[in-house]
Amino acid sequence: MTPLLRALGVGKRFGGLAALSEVRFDIPEGSIYGLIGPNGAGKTTLFNLLTGIYTPDEGHFEFGGAPLPGKPHDVCARGIARTFQNIRLFGSMTALENVMVGRHVRTRAGLFGAIFHPAGERDEEAAIRARALELLDFVGIAHRADQVSRQLSYGDQRRLEIARALATEPRLLALDEPAAGMNATETATLGTLLQKIRATGVTVLLIEHDVKLVMGMCDRVAVLEYGRLIAEGPPEQVQRDPRVIEAYLGAETTA
Amino acid sequence: MDIFLQQVINGLVQGSIYALVALGYTMVYGIIELVNFAHGEVVMVGALVSLSVIERLAARGYSGWTVIVIGLLLAVPACIALGLGIERVAYRPLRKAPRLAPLISAIGVSIALQQLAALIWGRNYLHYPDILPKTQYAIGGAVISEVQVVILIAAAVLMAGLWILVQRTRLGRAMRASAQNPAVAGLMGVDVNRIIATTFAVGSGLAAVAGALVGAYYNVGNHTMGFLLGLKAFTAAVLGGIGSLGGAMLGGLLLGVIENLGAGYMGKLTDGAVGSNYSDVFAFLMLVLVLVLRPSGLLGERGIEKV
Amino acid sequence: MKSRYLPLLLVVGIAALPFVTDIALGRSWVRLLDFALLYAMLALGLNIVVGYAGLLDLGYVAFYAVGAYSYAMLASPHIGIHLPLYVLLPTGALLAAAFGALLGAPTLGLRGDYLAIVTMGFGEIIRIFLRNLSITNGPAGIDLIDPIAIGGFSFSASHTLFGFTLPGIYNYYFLFVGLTTLILLMSKRLEGSRIGRAWAAIREDEIAAKAMGLNTKNLKLLAFAMGATFGGISGVLFAGFQGFVSPESFTMNESVMILCMVVLGGMGHLRGVLLGALLLAILPEAFRPLAQLQQSAFDQVYLDPANLRMLLFAVALIAVMILRPEGLWPSPVRKRELHDKEGDDRPLPPSGQPTGSDSVPGHTGVSAADAGGVA
């Protein structure tokens, strides 16, 4: 089976500095795939390249067998949705409205529909609302639907971001450190949520600092260091890789 | 007469004034990422203050460059005070506000200054008294007047001074650090508020000189003169690469020359259909063109965006 | 009781307003009401651009001018063409929209400050053209423009109804009330629609909006063209109502005034914008006695009321931004948004957690200052 996402020698330079070079990996459909690495290893850069915020200087991605288009909204339309490391919700909109925006790319009503409210548009609005509520329920914050997103607790904001991303009907959900700032209980619930998401057939790509979470949940893990991929494989294998231990895990355990 | 050379000379003179004004835009933008819409109005205030002084002195029979210098001695501090006041009242409280707020505040300051000037100096065009020497020098088929020579020299000296200030002094280093990253500069012990205020002060001082020179050059001024001048200087700053000092200087000179050449030849090329009435349109088209083709300008770095 | 009878009361009140005004203040005030309604339409149009999509347009009056001149040239002896309103209203609207798209397409991908300055320049350029082109009759402008007429009904003529003779300004009043209501309704529906939500998302966080699949450039262009359309329509009505147009009606000050209406009233909030427009449109009249007062006291007008008024508006603009950014009558949501930003009460990740955003160079989009959750 062809992998859902392939990174084919992707590289990016900022000025003279190579932030990423020659990154290659395959993400099998239906898996939870972890991407770890020390600070500044290039994880978020990789995300930004993947989601079209930046174009790679070398190599490219293949998604569902075809090369990825450039613009962020096209990438989203193709089926890749993301969250942000430093949460970026639409702050003054309610939780529900945030998720409804996520439906934009899968719905069609335009100016005419907005102004004349034909039956088709009304049905679509109703469907958007229903689906958004469903997703809020799915991530477990349905009771917060009408709250302004800025006023939600940190953990709820993270979940809301996931619900908003799911609203775009992604085949690949890319999460940038979803457990950052969460306590142990919250992290555990997040783990359950990710399993639930995978169960619906969505592939998950996870950038994480919490090595335990990654190792415990991911089917495969890639390790970045100084912009290069130093190991890739199932967690047990990666965990034993001496280069990984030295570069990342070793430092982590002694810290 | 060599029209081409003449237009280039005129362009350089006009361009050096643009450059002085553009520096104010670019410095402020570099440090707080705000298009200071009121900057053109500061130039206007500089021009009108110096004019008021010059008029009074001329009425007592004084003439020559000393009168202009005395006008400057009053206009520069007035504009610096104005610049500091604007920053303190209209921009500083909004530094953390959503993006639209400081922009709207800036446009408010710009309009307020225009109207205030109209109330103080009236709405009609004011004419400068005839006090400057009319000496002209011939070079290679074109002429350059003494006023033009003085403008070129003054602008060059000021720009060199600014360059030394920014590149070679402690204050300059703090300014550059604050422009790079205000938060980090603050942590390193730089008083960022003070640096921002200084930036406004320097920009406003340059604007005052530019205003006085514009007045001396064209011999007229009124409360609306800052608008187009400001727009053009901003265009120059964008052309050179906003945030870059060298860019503002280069952009100013370039815009001045292009504009003058355009105005000189446009009528001919279009058989009189498009006359020099449209030279202002020219600068604007240039702005749009630069923004579309190379938003980072000639010397600007591409902005750093954090995601 | 209040809520049940309020709509009815409102309708009666609006219908009675010109009559009451006429009797109490005089006929010139009815004319002022008409102008206030024209401004209301303009402000509602600009509100789509500034209030909904968060784009600062400082040359909005250019679209007003395009609409007005399109009507003036095609319904006057100037060229000798007299086309009917049902042709010219859409023409003016479409022409203005086309200008909006033309200006917006290259610049809307850039950051907001650039748009502000480009629109400001554009407003001036349009005026320079109007002043210098012979087809627009230069600084003198165009006069003897046909009044607005639908079928055989001319709005400028007096008509007798139930024994009352209503002069043209009454007809225009009711026409403008109708159209303002229509624009209000359209705005309201846009606001709550899929498109309106997308605009709000862009206003709040452009990068997140892009990542959620929004084609931000097209959506911004849509807002821009939509605002321009309303500006064009208002322009057509203005030309027919006033009977002549000249470049001096379309100065930068006019753009600023319309912006003031939107901002003072409350960006993005329809009632606020409406209130702002009506208030600021009537205000100049309140300044008139000031000149008379000076005249009688000093035999001379020292402080020009027109300048004084603009000065006051400008100061109000600054004061509102600093003290009450949500405007006089804000929408509840907008109020939250603008006030929360300052303290930013969103929970921060505990210290020690890297908010390390790999900085990425780019030539479009929002700046670091915009990018919420700054490290």
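The values are calculated or read from the model by the stated rules, or taken from the named source; none is laboratory data. Predicted model only: the values in this text are computed from it and were never measured. Please note: Cβ atoms are built from the backbone with ideal geometry, for glycine as well, and neighbour counts cover all protein chains shown.
Would you check if there is a residue in the range C:142-160 being of a type in the set (A, V, I, L, M), modelled with pLDDT of 85 or more and surrounded by fewer than 22 Cβ atoms within 10 Å (Cβ to Cβ)? Yes, the range C:142-160 contains at least one residue that is of a type in the set (A, V, I, L, M), modelled with pLDDT of 85 or more and surrounded by fewer than 22 Cβ atoms within 10 Å (Cβ to Cβ).
Here's the yes/no breakdown for (1) part of a helix (DSSP H, G or I); (2) small (G, A, S); (3) within 30 Å of C:S76 (Cβ to Cβ):
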{"site": "C:A198", "(1), (2), (3)": "yes, yes, no"}
{"site": "C:A208", "(1), (2), (3)": "yes, yes, no"}
{"site": "C:G227", "(1), (2), (3)": "yes, yes, yes"}
{"site": "C:L237", "(1), (2), (3)": "yes, no, yes"}
{"site": "C:F241", "(1), (2), (3)": "yes, no, yes"}
{"site": "C:S249", "(1), (2), (3)": "yes, yes, yes"}
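Against the condition surrounded by fewer than 19 Cβ atoms within 10 Å (Cβ to Cβ) and touching a residue at least 24 places away in the same chain (Cβ under 8 Å), how does A:A184 come out, does it pass? Criteria not met by A:A184.
None of C:L102, C:L88 is aliphatic (A, V, I, L, M), part of a helix (DSSP H, G or I) and surrounded by 15 or more Cβ atoms within 10 Å (Cβ to Cβ) except C:L88. Looking across the range A:228-242, not a single residue is surrounded by 22 or more Cβ atoms within 10 Å (Cβ to Cβ) and either touching a Ser or Thr at 6+ places or on another chain (Cβ under 6 Å) or over 14 Å from A:F25 (Cβ atoms) (or both). Set side by side, the residues C:A68, C:A96, C:A62 differ, and just one is crowded, with 24+ Cβ neighbours inside 10 Å, more than 19 Å from B:V288 (Cβ to Cβ) and more than 10 Å from every other protein chain (Cβ to nearest Cβ), which is C:A68. Only one of the numbered conditions (1) part of a loop (DSSP other than H, G, I, E, B); (2) of a type outside the set (V, I, T); (3) more than 18 Å from B:L285 (Cβ to Cβ) is violated by C:D113, and that is (1).
Residue-level analysis places C:G213 outside the set of residues that are surrounded by fewer than 24 Cβ atoms within 10 Å (Cβ to Cβ) and free of Cβ contacts under 8 Å to residues at least 60 places away in the same chain.
Each row is one residue, and each column tells you yes or no for (1) surrounded by fewer than 19 Cβ atoms within 10 Å (Cβ to Cβ); (2) in a helix (DSSP H, G or I); (3) within 14 Å of chain C (Cβ to nearest Cβ).
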| residue | (1), (2), (3) |
| --- | --- |
| B:L119 | yes, yes, yes |
| B:D130 | yes, no, no |
| B:Y137 | yes, no, no |
| B:G172 | yes, yes, no |
| B:S178 | no, yes, yes |
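Scanning the range A:1-33 for residues that are among the aliphatic types (A, V, I, L, M) and under 23 Å from A:V214 (Cβ atoms) turns up A:L4, A:L5, A:A7, A:V10, A:A19, A:L20, A:V23, A:I27, A:I32. Taken over the range B:283-307, residues that are in contact with a Phe, Trp or Tyr (Cβ under 8 Å, 6 or more places away or on another chain), at pLDDT below 80 and either more than 8 Å from every other protein chain (Cβ to nearest Cβ) or not in a loop (DSSP other than H, G, I, E, B) (or both) amount to 1.
Table: residues versus (1) away from chain B (no Cβ under 14 Å); (2) out of contact with any Asp or Glu (no Cβ under 9 Å at 6 or more places or on another chain).
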{"residue": "C:L133", "(1), (2)": "no, yes"}
{"residue": "C:L144", "(1), (2)": "yes, yes"}
{"residue": "C:T165", "(1), (2)": "yes, yes"}
{"residue": "C:F176", "(1), (2)": "yes, no"}
{"residue": "C:L179", "(1), (2)": "yes, yes"}
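Flag set for C:G213, criterion: of a type in the set (G, A, S) and assigned to a loop (DSSP other than H, G, I, E, B). For the range A:139-176, filtered to residues that are surrounded by fewer than 20 Cβ atoms within 10 Å (Cβ to Cβ) and within 22 Å of A:A77 (Cβ to Cβ), the residue that is nearest to the other protein chains (Cβ to nearest Cβ) is A:E169. Among the residues of the range A:189-222, the ones that are buried (at least 17 other Cβ atoms within 10 Å of the Cβ), at pLDDT 90 or above and among the β-branched types (V, I, T) come to 6 in all. Could you check C:A198 against (1) surrounded by fewer than 24 Cβ atoms within 10 Å (Cβ to Cβ); (2) facing another protein chain (nearest Cβ under 7 Å); (3) not acidic (D, E) and say which number it fails? Of (1) surrounded by fewer than 24 Cβ atoms within 10 Å (Cβ to Cβ); (2) facing another protein chain (nearest Cβ under 7 Å); (3) not acidic (D, E), only one is false for C:A198: (1).
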